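The values are calculated or read from the model by the stated rules, or taken from the named source; none is laboratory data. Keep in mind that this is a model prediction, so the values were computed, not measured. For neighbour counting, all protein chains shown are included, and Cβ atoms are generated from backbone atoms with ideal geometry for every residue, glycine included.
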Amino acid sequence: MPGTDALALLGTALAVSAPTFGWVVAGLALRRLGLLTEPVITRVSQLAFRFGLPTMLFASAARVDYSTLGSAVYLLAGALATLLTLALAWQYSRWRGHPRPLQGIFVQASFRSNLAIIGIALAVSAYGEQGLVLAAMPVALLTVLYNVLAVWVLNATLGAGASIGALLGGIARNPLIIGISAGVALAVSGLPVPGFVAPLGAAMSWFFLPLMLLCIGGAMQLAKLRSTGPVQWQVAWEATAWRLCVGPLLAVLLAMALGVRDVPLGVLFLLMSSPVAAASFVMVVAAKGDGVLAANIVVLTTLLSIITVTAGFFLLTLFSLAGHPG
């Protein structure tokens, strides 16, 4: 029966999103109970960022067949969708009359997803090892693109003063980029990939992804969610709608127009529909922008993405566009 099939697909979508966002909610609960403290969150996050996630991405990037990279249209779709979302969000922000200091925060939130942690966790939850391998290159490409675009946007609206040269130097030292680059170098070198690489990557994803998701939940401060003015509160909700609804929709439509289907489309959606990355808050504060607004957007998008990611993935599976999860 059609109704039964739809319920089964909804169960599949929940099975993809629930494990990922369950860890985030657990982290939030543990923080409120006093069992997850700020020093622990900081130390675990640093360990994961400097060691766990780079190792995991190295292992996945080392097993990609780069001879087919030219046909990986989903990579191009992700980059084009990011640029399109930025351009349209900027025009929307000007049309809405957002104060200029808030425009850059709004625009950055519209295109910058937490693809390196939540996006990858969703891809692994949906497609297992295949999802991790397919997500590795978009994470590398879009991480660089996000950072370059964020500096440009914040410079234009806040006069932050950060140079592109300094930014590129920081990107070159980014552990995630280093891990992926090392994996790519090994894969294209012609040398055999050691047998321990695959189980090492699986172990890293099994161990560090839940820890990082717990830390994301523990870092959210709901008590400060509304400590802002009415204009900032409105901008926060509009940015949330763009990040969770408009941006992913543009990405899916553009990818489909380019012929992307099945698992690559599912992985691209999960990466592009993730909530705003916490790095956006760090960059706004460094640019002397409204850090409270940036933090509010991170919290709102993280909480509400539980609904939007589940609904979006359900629709993709309902119309047989996202391959076969599991």
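Whether any residue in region 78-91 is within 24 Å of F196 (Cβ to Cβ) and either surrounded by fewer than 24 Cβ atoms within 10 Å (Cβ to Cβ) or not hydroxyl-bearing (S, T, Y) (or both) is what I want to check. No: zero hits. Picking from residues in region 134-149 that are of a type in the set (A, V, I, L, M, F, W, C) and buried (at least 21 other Cβ atoms within 10 Å of the Cβ), the one that is nearest to L115 (Cα to Cα) is V139. Checked against the criterion of being buried (at least 18 other Cβ atoms within 10 Å of the Cβ), closer than 28 Å to M212 by Cα and not polar (S, T, N, Q), region 96-105 contains one or more residues that satisfy it.
Against the condition part of a helix (DSSP H, G or I), closer than 17 Å to G218 by Cβ and not acidic (D, E), how does A29 come out, does it pass? It is true that A29 is part of a helix (DSSP H, G or I), closer than 17 Å to G218 by Cβ and not acidic (D, E). All conditions in (1) part of a helix (DSSP H, G or I); (2) touching a residue at least 40 places away in the same chain (Cβ under 8 Å) hold for L315, with the sole exception of (2). Restricting attention to region 81-137, the residues being over 16 Å from the mean Cα position of the chain (by Cα), of a type outside the set (G, A, S) and part of a helix (DSSP H, G or I) number 17.
Only one of the listed residues (L176, L200, L149, L168) is assigned to a helix (DSSP H, G or I), of a type in the set (A, V, I, L, M, F, W, C) and at pLDDT 85 or above. That residue is L149. Evaluating Y92 against the criteria (1) modelled with pLDDT of 95 or more; (2) touching a Gly at 6+ places or on another chain (Cβ under 8 Å); (3) among the hydroxyl-bearing types (S, T, Y); (4) farther than 22 Å from V282 by Cβ leaves one unmet condition, (2).
Set side by side, the residues L253, L316, L270 differ, and just one is buried (at least 17 other Cβ atoms within 10 Å of the Cβ) and over 22 Å from N147 (Cβ atoms), which is L316.
Out of T317, T308, one residue alone is of a type in the set (S, T, N, Q), in contact with a helix residue (DSSP H, G or I) (Cβ under 7 Å, 6 or more places away or on another chain) and modelled with pLDDT of 95 or more. It is T308.
Table: residues versus (1) closer than 21 Å to L75 by Cβ; (2) modelled with pLDDT of 95 or more; (3) assigned to a helix (DSSP H, G or I).
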{"residue": "A236", "(1), (2), (3)": "no, no, yes"}
{"residue": "A239", "(1), (2), (3)": "no, yes, yes"}
{"residue": "L244", "(1), (2), (3)": "no, yes, yes"}
{"residue": "G247", "(1), (2), (3)": "yes, yes, yes"}
{"residue": "A255", "(1), (2), (3)": "yes, yes, yes"}
{"residue": "G259", "(1), (2), (3)": "yes, no, no"}
{"residue": "L268", "(1), (2), (3)": "yes, yes, yes"}
{"residue": "S280", "(1), (2), (3)": "no, no, yes"}
{"residue": "M283", "(1), (2), (3)": "no, no, yes"}
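Go through the residues of region 22-40 one by one and say whether even a single one is touching a Ser or Thr at 6+ places or on another chain (Cβ under 7 Å), at pLDDT below 90 and closer than 21 Å to A121 by Cα. Within region 22-40, not a single residue is touching a Ser or Thr at 6+ places or on another chain (Cβ under 7 Å), at pLDDT below 90 and closer than 21 Å to A121 by Cα. Within region 1-52, the set of residues being β-branched (V, I, T) and within 22 Å of I307 (Cα to Cα) comprises T4, T12, V16, T20, V24, V25.
Filtered by the rule that a residue be more than 20 Å from the chain's Cα centre (by Cα), at negative phi and free of Cβ contacts under 8 Å to residues at least 24 places away in the same chain, region 22-36 gives R32, L33, L35.
Checked against the criterion of being at pLDDT 90 or above and buried (at least 18 other Cβ atoms within 10 Å of the Cβ), region 54-75 contains one or more residues that satisfy it.
Going by the conditions given, is L186 in a loop (DSSP other than H, G, I, E, B) and at pLDDT 80 or above? Before the answer, list the steps.
Details: in a loop (DSSP other than H, G, I, E, B): no; at pLDDT 80 or above: yes.
Here the answer is no, as L186 does not meet what is asked.
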